[in-house]
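A short write-up of the structure that comes next.
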Amino acid sequence: MASRIQNSKEVYPEKEIQLRLKHQFPHWSLEDGSICRTYKTGDWRATLMLVNAVGHIAEAAFHHPDIELSYASLKVKLKTHSAKGVTNKDFELAKKIEEIVLWRPGEETGALSGLPDDPRYRYVEYD
């Protein structure tokens, strides 16, 4: 789905946000002017690992989400505060967060095998 919006400060209209979420980010939603996703985790320790990963990605991108965390979940809310809405920066950061948080090395070739198939080691619920 191509967008006419190229500028990182240009705000998407709600209809275009909804279309983009539907086609590219099906687990994200639009809430109160932000694109949002809740990740389910196994426990508090897992939630902290995820919030630190998201924090690292966001800080490296110099784009800062609103984050809500609880014992077994992490909610990420993205909008460009300076533009007062959702821009390309938000969609690009959402894509990068999805790539990192949902990465499963056991499903690809290489030396990294991923976590054992044991509930004690699971920390995020994969889609």
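The values are calculated or read from the model by the stated rules, or taken from the named source; none is laboratory data. Please read all numbers here as calculations on a predicted model, not as lab measurements. In this analysis, Cβ positions are derived from the backbone assuming ideal geometry, glycine residues included, and neighbour counts consider all displayed protein chains.
List, please: which pairs have Cβ atoms under 8 Å, are six or more places apart or on different chains, and start with a residue in segment 17-35 that is over 15 Å from Ile97 (Cβ atoms) and end with one that is among the β-branched types (Val, Ile, Thr)?
Close Cβ pairs (under 8 Å, with a partner that is among the β-branched types (Val, Ile, Thr)) amount to Ile17/Ile35; Ile17/Val86; Leu30/Ile17; Leu30/Val86; Gly33/Val86.
Give me the pairs, please: first residue somewhere in segment 94-110 and closer than 18 Å to Ile67 by Cβ, second residue anywhere and of a type in the set (Asp, Glu) and outside any helix (DSSP H, G or I), beta-carbon distance under 8 Å, and either six or more positions apart or on two chains.
Leu102/Asp127
Evaluate segment 41-53: report whether one residue or more is at pLDDT below 95, farther than 30 Å from Glu10 by Cα, aliphatic (A, V, I, L, M) and touching a Lys or Arg at 6+ places or on another chain (Cβ under 7 Å).
Taking every residue of segment 41-53 in turn, none turns out to be at pLDDT below 95, farther than 30 Å from Glu10 by Cα, aliphatic (A, V, I, L, M) and touching a Lys or Arg at 6+ places or on another chain (Cβ under 7 Å).
Hey, among the residues in segment 78-127 that are assigned to a loop (DSSP other than H, G, I, E, B) and β-branched (Val, Ile, Thr), which one's surrounded by the fewest Cβ atoms within 10 Å (Cβ to Cβ)?
Thr109
Output the residue which, of all residues in segment 4-24 that are within 20 Å of the chain's Cα centre (by Cα) and modelled with pLDDT under 95, is nearest to Asn88 (Cα to Cα).
Ser8
Within the bounds of segment 28-46, is there any residue that is of a type in the set (A, V, I, L, M, F, W, C), part of a loop (DSSP other than H, G, I, E, B) and farther than 12 Å from Val124 by Cα?
Within segment 28-46, one or more residues are of a type in the set (A, V, I, L, M, F, W, C), part of a loop (DSSP other than H, G, I, E, B) and farther than 12 Å from Val124 by Cα.
Any residue that is in a strand (DSSP E or B) and without any contact (Cβ under 8 Å) to a residue 24 or more places away in the chain - is there at least one of those in segment 70-77?
yes
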